[in-house]
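FYI, it's all coordinate maths here, none of it is from the lab. Treat the numbers as computed from the prediction; the structure is a model and nothing was measured. Methodologically, a virtual Cβ is constructed for each residue, glycine included, from the backbone with ideal geometry; neighbour enumeration extends over all protein chains shown.
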Amino acid sequence: KSGWLRKQGGVVKSWHRRWFTLKGDTLYYYSSEDESKSPLGSIFLPSNKVFEIPSPGSPDPEKFFFEVGPGSHFVIIYFLGEGRSQVSGNHATYQICAATNEERKEWIKAIR
């Protein structure tokens, strides 16, 4: 599964549009649809859980939230940079936002 979602930053809590691709047990995200470039980051899913966050009820375009975060034990999240070196990421939990409720449900189902 692939598509555009918005992800909250790890250090600066602003929202960034990212291209997400689910491959096997890893969710990768990129700055564009060009998956031939190194991803900005990846989320290893087997020890993570996905949580649907209830919509706050406002007309805010960021209202279709879900989180991907630690399950029964903490997972190491890797960021892939130049030369594909691995560096620990800034997130314990990823806050992600879909454009519609249907899209959010599709992503949650695919991740689970």
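Residues Trp107, Trp15 in ascending order of nearby Cβ atoms (within 10 Å, fewest first): Trp15, Trp107. Taking the average, over residues, of other Cβ atoms within 10 Å as the packing measure, peptides 22-30, 37-45 rank 37-45, 22-30 from highest down.
Can you pull out the GluC sites (Glu not before Pro) in the range 1-52 whose DSSP state is coil and whose Cβ has at most 16 other Cβ atoms within 10 Å?
In loop regions of the range 1-52 (DSSP not H, G, I, E or B), the sparsely surrounded GluC sites (Glu not before Pro) are Glu33, Glu35.
The label point for Ala110 and the one for Asp25, both projected 7 Å from the Cα toward the Cβ, are 2.0 nm apart. In this simple spin-label model, placing a label point 7 Å from the Cα along the Cα-to-Cβ direction at both Ser2 and Asn101 gives a separation of 3.0 nm. Note on Lys7, Lys49: ascending count of other Cβ atoms within 10 Å places them as Lys49, Lys7, the fewest first.
Filter the cross-link list Lys23/Lys49; Lys37/Lys109; Lys23/Lys105; Lys49/Lys105; Lys1/Lys37 down to pairs whose alpha-carbon distance in this structure exceeds 23 Å.
Lys37/Lys109
Annotation: amide H-H contacts under 5 Å for Leu40 (H modelled 1.01 Å from N, sequence separation of 5 or more, or interchain): Tyr29, Tyr30, Ser31. Stretching Lys13 away from Thr93 to a fully extended chain increases their span by 27.6 nm, per 0.36 nm per residue minus the current alpha-carbon distance.
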